[in-house]
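Structure record follows, encoded as structure tokens.
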Amino acid sequence: MTDDALGGNVFAVARLEAEFPIGLPSEYGISGGAFIDYGSVWDIGRAVPADTVLYDDFTGRAVAGLSVFWDTPIGPLRFNFTETLDAQAFDKPKSFDVTISTSF
């Protein structure tokens, strides 16, 4: 057994999200958001021995969180603060992440 995430060939995700102003001047390019995510990844394939895999079926996970969106010259930034709602015994939940994206 390893502590490595193996990924999978199949995934399903559902997201409910809302974006809203947080009272700062619009020229700052900052807004807020709230979201709930639910999903799973499974079907790692036959190349991995079964005794090294903890989950290889649809085993859902859920998180809820708040976001800060910031439109910067390098691209939109997103700061997520999350709380795990549904996790499995060997999961390693994160409570914060940053995403840099592009706009076009």
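Going by C-beta contacts inside 10 Å, put V13, V63 in order with the fewest on the left. List each step's numbers first, then the result.
On the way: V13 9, V63 19.
Final ranking by Cβ density, sparse to dense: V13, V63.
If neighbour count is taken as other Cβ atoms inside 10 Å, put Y28, Y38 in order from fewest to most.
On the way: Y28 10, Y38 16.
Lowest count first: Y28, Y38.
Within the set of other residues whose C-beta is less than 13 Å from the C-beta of G29, count the net charge using Lys and Arg as +1 and Asp and Glu as -1. Can you show the working numbers first?
Values: positive: R78; negative: E19, E27, D71.
Counting the neighbours of G29, the net charge comes to -2.
Throughout, read-outs are computed from the coordinates displayed, never taken from laboratory work. None of these values were measured; they are calculated from a predicted model. In this analysis, Cβ positions are derived from the backbone assuming ideal geometry, glycine residues included, and neighbour counts consider all displayed protein chains.
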